[in-house]
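Comments concern the structure below.
The values are calculated or read from the model by the stated rules, or taken from the named source; none is laboratory data. The model shown is predicted, which means the values in this text are computed figures rather than measured ones. Here the Cβ positions follow ideal geometry from the backbone for every residue, glycine too, while neighbour counts run over all protein chains shown. In case anyone asks, the SASA skips ligands and DNA or RNA and just uses the protein heavy atoms, side chains included. Shrake-Rupley method; radii C 1.70, N 1.55, O 1.52, S 1.80 Å.
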Amino acid sequence: MTAVTLPALDPRVRWSIRIVDAADGGVLAEHAPEQQCETASVGKVFLLIDVARRLEAGELDPDQRIEIPDAHRVADSGLLYRMRDQRVTVDDAALLVGAVSDNLATNALLALCGLDEVRAVAPGLGFADTSLHDYIRNERTPDLPWTPSYGTAEELAELMRRLGAGEVESPAVSARVLDWLAADTDTSMVADGLLLDPLAHVEPEYQGMVLRHKTGSTSFARIDIGHLTGPAASVAYAVAANWKNSEDDLRAPVLDAMHAIGEELRAHVTGRRRDDEKLG
């Protein structure tokens with residue numbers, strides 16, 4: 001098994017990284033994979049799993065129009081809060097979450113499914129240190145849960161491996177979640193090194209790669225988890241970086257490292273150089 005080389009990691013950052021072979025789960029690279037990080041919007045994957053399960057079970061109608069509780073109206077991250085007509089369907093709300101990490105659609109779906117029920121998804125999959133934890137908030141005051149989601153690279157990489165293998169709930173549930181994630185437009189992190197078209201990579205794209213991923217971003221965090229397939233190999237990965245207590249905004253060295261990891265993953269799964277020449 002060919003290992004993946006990690007770049008130098010800024011020691012001021014709290015990192016949690018794991019990259020595994022998607023076929024057998026073998027570890028290709030890791031750094032503090034058991035370290036828990038705040039994962040911003042990444043926990044929305046557990047919401048998508050719950051919505052997909054309910055749709056497959058017939059508990060939700062994909063054409064049902066969502067309702068947005070006034071108590072959970074939020075802005076930023078997404079499109080729905082800017083849309084004139086916000087009466088989207090359940091299925092389209094899930095697509096907005098997968099494509100643009102839509103906060104308002106997230107809160108509407110959370111209210112529909114129930115926060116406690118969605119919180120139970122991660123432990124139900126056997127994860128002890130990873131979960132969606134709360135609604136998205138315009139302001140997170142001390143009386144509220146400490147973070148919208150948290151997790152470790154060990155568990156998040158395993159989540160993406162299982163999704164890719166069709167092992168989360170059922171093949172049909174896994175496929176629904178991956179279909180929503182296929183539209184993710186945020187290729188600013190690990191995916192930046194893949195050179196994919198940010199707005200059109202549902203089908204195999206540059207060098208035959210297929211990416212399904214979810215990102216999370218705050219003023220002190222960048223997280224990218226995904227399942228990447230190419231002609232030479234497939235991987236599942238989770239890269240989380242927090243710098244909450246730093247006096248400096250460390251997004252530049254974090255994004256540089258994430259880009260370098262993406263370059264390594266691209267070469268690993270395609271067997272080709274960045275300029276499209278064969279390796280070796």
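Using +1 on the beta carbon of Lys and Arg, -1 on that of Asp and Glu, and nothing else charged, what's the dipole of region 153-280 about the Cα centre, debye to 20? Intermediate values should be presented prior to the final figure.
On the way: 13 positive and 22 negative charges, 51 e Å.
In total the dipole reaches around 240 debye.
State, as an integer percentage, the relative contact order of the chain based on alpha-carbon contacts under 8 Å between residues 6 or more apart. Please report the intermediate quantities before stating the final value.
Working: 600 pairs, mean separation 67.9, N = 280.
Rounded, it is 24 percent for the chain.
For region 140-280, the share of accessible area belonging to carbon and sulfur comes to 49 percent (1.4 Å probe, ligands and nucleic acids excluded). Each peptide in 83-89, 267-273, 248-254 receives the mean, over its residues, of other Cβ atoms within 10 Å, and ordering these scores from highest gives 267-273, 248-254, 83-89.
Give me the percent relative contact order of region 87-246, please, defined on Cα pairs under 8 angstrom at least 6 residues apart.
Details: 233 pairs, mean separation 28.9, N = 160.
Relative contact order, region 87-246: 18 percent.
Expected output is a single nm value to one decimal: the length gained when fully extending between residue 244 and residue 199, i.e. 0.36 nm times separation in residues minus the C-alpha distance. What is it? Don't skip to the end; give the middle numbers.
Working: separation 45, 0.36 × 45 = 16.20 nm, distance 3.04 nm.
Length gained between residue 244 and residue 199: 13.2 nm.
Structure remark: mean-square fluctuation, Gaussian network model of the chain, C-alpha springs under 10 Å; the largest value among 26, 262, 78 belongs to 26.
Full extension of the chain between residue 276 and residue 61 gives 72.9 nm of extra length, using 0.36 nm per residue less the Cα-Cα distance. Summarising the amide proton neighbourhood of residue 28: residues at separation of 5 or more, or on other chains, whose placed amide H is nearer than 5 Å comprise 19, 20, 21.
Treating each Cα of region 77-121 as one equal point scatterer and applying the Debye formula with no solvent, the log10 of I(q)/I(0) at q = 0.17, 0.22 Å⁻¹ comes out as -0.44, -0.70.
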